[in-house]
1. Among (1) out of contact with any helix residue (DSSP H, G or I) (no Cβ under 7 Å at 6 or more places or on another chain); (2) in contact (Cβ under 8 Å) with a residue 40 or more places away in the chain; (3) under 25 Å from Thr49 (Cβ atoms), there is one condition Ala109 misses while meeting the rest; what is its number?
2. Quickly run through segment 128-147 and pick out the residues that are farther than 14 Å from Lys16 by Cβ, touching a residue at least 60 places away in the same chain (Cβ under 8 Å) and within 16 Å of the chain's Cα centre (by Cα).
3. Across segment 62-109, what is the number of residues that are within 19 Å of Glu152 (Cβ to Cβ) and part of a helix (DSSP H, G or I)?
4. Which one is farthest from Arg79 (Cα to Cα), of the residues in segment 11-50 that are within 19 Å of the chain's Cα centre (by Cα) and polar (S, T, N, Q)?
5. Asp117 is checked against (1) assigned to a helix (DSSP H, G or I); (2) among the acidic types (Asp, Glu); (3) under 15 Å from Met23 (Cβ atoms) and fails just one. What number does that condition carry?
6. I'd like the full set of residues that are assigned to a helix (DSSP H, G or I), surrounded by 16 or more Cβ atoms within 10 Å (Cβ to Cβ) and among the small types (Gly, Ala, Ser), limited to segment 120-162.
7. If you scan segment 42-72, which residues turn out to be farther than 16 Å from Gly105 by Cβ and among the β-branched types (Val, Ile, Thr)?
8. Filter segment 106-138 for residues that are within 16 Å of Val36 (Cα to Cα) and among the acidic types (Asp, Glu) and give the result.
Amino acid sequence: MTIKTADLRDMKSDIKQADRAKMAEKLGQALASTYVLYQKTQSVHWNVTGPLFVSVHKLTEGQYEDLAASIDEIAERIRALGAKTPVGLSTYINNSVIDDQVEWGDVEAMLKQLSGDNLAVADQMREFVKVAEEADDVFTADLLTTRIGALEEASWMLSASL
């Protein structure tokens, strides 16, 4: 997923056009990872069974609702930088830092997988914060930093549920 400066809409911004293109590209990758994580989290919500059902069902509902809101925030930031958002489920799957899930094991496997996936997306975003800071794109850096905190908290809550 490459965004060229020629693909950006003209706009007045203190962020250089090349930096806007680079940041939009990184945000597209973050969007892809967040979208796949959203789907996996909702899948756990739907498929969890056993003694932890109620607690995991409620926990993952809150987490996928948070992810849904963040998907919109990330996509809107891409648009605010003058780029178009990536489209197509295959685009998201192919550009995600986490793997698509086609089946689940028991609740322990689900929680371990989701916990690790949340950390993987947080680590990806941490790298993108550096890119945003280099471009003096403080809004994007703040957006991603906030998301890192939410993802790390989600990971902790999932792990603590084991």
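The values are calculated or read from the model by the stated rules, or taken from the named source; none is laboratory data. What you see is a predicted model, and the numbers here were worked out from it, not measured in a lab. Note: ideal-geometry Cβ built from the backbone for every residue, glycine included; neighbour counts use all protein chains shown.
1. (2)
2. Phe128, Leu143, Leu144, Arg147
3. Qualifying residue count, segment 62-109: 12.
4. Ser43
5. (3)
6. The answer is Ala120, Ala122, Ala132, Ala141, Ala150, Ala154, Ser155.
7. Val54, Ile71
8. Asp117, Asp123
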